[in-house]
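The values are calculated or read from the model by the stated rules, or taken from the named source; none is laboratory data. Predicted model only: the values in this text are computed from it and were never measured. Cβ coordinates were reconstructed from backbone atoms using ideal geometry, including for glycine residues, and neighbour counts include every protein chain displayed. Please note that ligands, DNA and RNA were not included when accessible areas were found on the heavy atoms of the full protein model with its side chains. Shrake-Rupley method; radii C 1.70, N 1.55, O 1.52, S 1.80 Å.
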Amino acid sequence: MLELAQAPTTPPSWRKILPHDLAASVVVFLVALPLSMGIALASGAPILAGLVAGAVGGIVVGALAGAPLQVSGPAAGMAVISFGLIQQYGFPALCAITVGAGALQILLGFARVGRVVMAISPAVLHGMLAGIGILITLSQLHIVLGGTPESSAWKNLLALPDQIADLHGVATVLGVTTIGILVLWPLLPLKRLRVPAALVAVVLVTGISILWGREVPRVQLPDSLLGSFVPPALPQGNLGGILGAVLTVALVASAESLVCAVATDKLHSGPRAKLDRELIAQGAGNLLSGLLGGLPITGVIVRSTANIDSGARTRLSTILHGVWMLIFVSLLGALLTRIPLSVLAGLLCVVGSRLVHPSDIRELIRHREGTVYFATLGGVVGINLLAGLGLGVAVALFQLLWRLSRVQIEKKTTGDRWQVTFRGYLTFLTVPQITAALAALPRGARVDVNLNTEVLDHAAFEALHAWRLGYERTGGTVDIDQVHELRPRLGRAASPTSNTSKDRPAAALDLGPGDPVVAER
């Protein structure tokens with residue numbers, strides 16, 4: 001019966017798409033504006049650097065993106081790295097490092113390694129983000145309390161009691177009020193309003209600070225945007241450190257962006273993300289952001305979720321949110337200078353704390369990945385981000401090798417019949433356990449071997465085959481039941497007297513993918 005060909009569906013007209021994208025772009029702009037300023041504050045960079053990165057992330061990355069509904073900009077995940085690099089090399093050097101990282105991302109994208117970057121264990125990524133969240137929360141909590149953050153998490157923790165004992169009244173009240181609004185707003189029955197909690201908190205508490213009339217540290221922006229331009233510049237010497245920083249920024253920004261792109265795909269039914277193209281777009285954005293004096297850029301799940309939930313249909317919403325940010329900073333930047341710094345710090349405390357997801361921890365522990373998670377988190381908080389990532393990857397690899405070296409062996413006997421079941425991974429690492437278990441069987445018995453495993457490498461295969469040949473030559477009988485579809489299959493061994501090709505063991509054969517797997521009893 002012939003099937004009728006379906007007529008190609010025509011894409012919806014821009015008149016139907018524009019209202020949805022326009023509305024979504026406004027919502028994303030309102031979410032991104034305070035976050036961009038707050039992340040600049042946490043990075044120790046000029047506030048303008050976060051706004052420049054937000055505009056470039058919207059316009060440039062949005063136009064080139066392989067994940068059209070993902071929204072890019074300065075992210076909390078890069079704030080700790082940026083802060084450390086600024087403290088070590090200065091802000092102009094961070095801009096130069098961002099340019100280099102962008103160029104490296106473009107090369108990685110053209111080399112089609114987008115999928116390779118995602119080979120990092122999810123436990124490492126979750127642990128990294130949780131560690132970054134703790135670092136941001138501890139540092140910004142000092143600003144909420146009216147003080148200044150220390151240089152490390154441990155020093156921030158030790159300084160908290162003195163900071164609490166010496167509260168700076170007005171700034172503390174404003175910061176704590178901001179945190180309270182952000183926590184309580186989602187619990188209120190106001191979902192239909194679709195007003196971002198961050199916008200409500202910043203606008204409301206800023207208004208309170210103006211009416212209060214008390215002096216508090218506020219956002220500072222230059223009078224002239226062009227006059228405040230900071231060109232990228234590399235410091236003299238320490239080329240190895242700079243190259244390491246470029247590699248760190250490129251890899252962390254790439255991993256965060258690609259993981260965000262995959263997560264964004266789960267939130268909509270539109271075209272799937274093209275990861276290599278997304279990597280090139282992120283590289284172009286970082287290259288231009290660094291040249292213009294902006295912070296590093298990554299894909300941001302909070303903004304992307306807001307974009308999709310607000311009804312965005314195409315990349316136009318992402319591009320327009322960057323346009324609105326550029327227009328607002330150019331024409332209405334004076335309004336931003338009324339925002340107290342403790343308000344932005346309160347916003348970042350909540351954002352940082354939400355990077356630690358209890359549900360992720362429970363899920364990772366259930367899958368026995370908790371060790372990797374906590375090793376990464378401890379390394380990021382206790383040492384630095386790069387050390388935390390290295391420690392997490394090392395623990396993940398060790399845990400993988402440990403699992404590959406373990407096999408469960410069960411033996412049962414009924415009269416002269418033995419049943420041996422192998423569960424786990426049959427690899428070269430488990431060959432000593434396999435051969436020891438089989439060597440302990442009595443001679444001349446009937447043995448049923450059940451391979452309840454999905455991994456059988458060549459070394460384990462050869463060990464099983466060699467044991468079978470030897471055991472059957474001594475008068476025993478061996479039946480091997482392959483529960484899963486393993487290649488190559490272990491067939492019945494040859495008899496001691498057979499020399500013809502037709503009597504060669506079936507184990508020497510490799511069945512094709514289409515051949516059925518059956519029990520060999």
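Treat the chain as a sphere of radius equal to its Kirkwood radius over Cα pairs and apply Stokes-Einstein at 20 °C in a medium of 1.002 mPa s; give the translational diffusion coefficient in µm²/s, rounded to a whole number.
The diffusion coefficient I find is 81 µm²/s.
What is the Cα centroid distance between region 371-424 and region 453-482, reported in whole angstrom?
Cα centres, region 371-424 to region 453-482: 26 Å.
Working from Cα positions, state the angle (0 to 90°, nearest 10) between the long axis of helix 197-212 and the longest principal axis of the chain.
30 degrees
May I have the count of lysine pairs in the chain with C-alpha atoms under 28 Å apart, counting pairs 8 or more residues apart or located on different chains?
5
Express the carbon and sulfur contribution to the solvent-accessible surface of the chain as a percent, rounded to the nearest whole number, probe 1.4 angstrom.
Exposed carbon and sulfur together represent 65 percent of the surface.
Could you calculate the contour length gain from residue 243 to residue 199, that is, 0.36 nm times the residue separation minus the distance between their Cα atoms, to one decimal place in nm?
12.0 nm
Averaged per residue, what accessible area in Å² does the chain show with a 1.4 Å probe, protein chains only?
I get 49 Å² per residue for this part.
With everything on Cα atoms, drop me the angle between helix 153-165 and the longest principal axis of the chain, reported from 0 to 90° to the nearest 10.
Once rounded, one gets 40 degrees.
For labels at residue 233 and residue 437 in the simple 7 Å Cα→Cβ model, what's the distance in nm?
Using points 7 Å along Cα→Cβ, the separation is 6.7 nm.
What list of whole percents do you get for P(r) of region 66-109, with Cα-Cα distances grouped in 5 Å bins up to the one holding the largest distance?
Per 5 Å bin, starting at 0, the Cα pair percentages come out as 5, 19, 20, 26, 18, 8, 4, 0.
So what's the back-of-envelope 222 nm ellipticity for the chain, counting only DSSP H runs of four-plus at -39500 (n - 2.57) apiece and dividing by all residues, rounded to 500?
Roughly -19000 deg cm²/dmol at 222 nm, from the helical runs in the chain.
Between 0 and 90 degrees, rounded to the nearest ten: what's the tilt of helix 76-89 against the longest Cα principal axis of the chain?
Here the helix axis deviates by roughly 70 degrees.
Hey, any idea what Rg/Rh is for region 98-170, computing Rh the Kirkwood way over Cα pairs?
1.23
Run through all the Cα pairs of region 313-396 and give the fraction in each 5 Å bin from 0, expressed as whole percent.
Over region 313-396, the share of Cα pairs per 5 Å bin runs 3, 12, 11, 12, 14, 11, 11, 15, 9, 3, 0 percent.
Looking only at the chain, where both bridge partners belong to it, what percent of the DSSP beta bridges are antiparallel (to the nearest 5)?
Around 45 percent antiparallel, to the nearest 5.
Using a 1.4 angstrom probe on the protein heavy atoms only, could you order 20, 458 from most to least accessible area?
The most accessible residue leads, giving 458, 20.
What are the semi-axes of the equivalent ellipsoid for region 200-250, taken as the square roots of 5 times the Cα gyration tensor eigenvalues, largest first, in whole Å?
Output for region 200-250: semi-axes of 39, 16, 11 Å.
When ranked by the protection proxy of mean other Cβ atoms within 10 Å per residue, highest first, what sequence do the peptides 312-318, 46-52, 360-366 form?
Ranking the peptides 312-318, 46-52, 360-366 by packing returns 46-52, 312-318, 360-366.
Measuring from label point to label point, each 7 Å out along Cα→Cβ, what is the residue 263 to residue 473 span in nm?
5.9 nm
What does DSSP give for region 399-458 in terms of the percent of beta bridges that are antiparallel, rounded to the nearest 5?
Of the beta bridges lying entirely in region 399-458, close to 45 percent run antiparallel.
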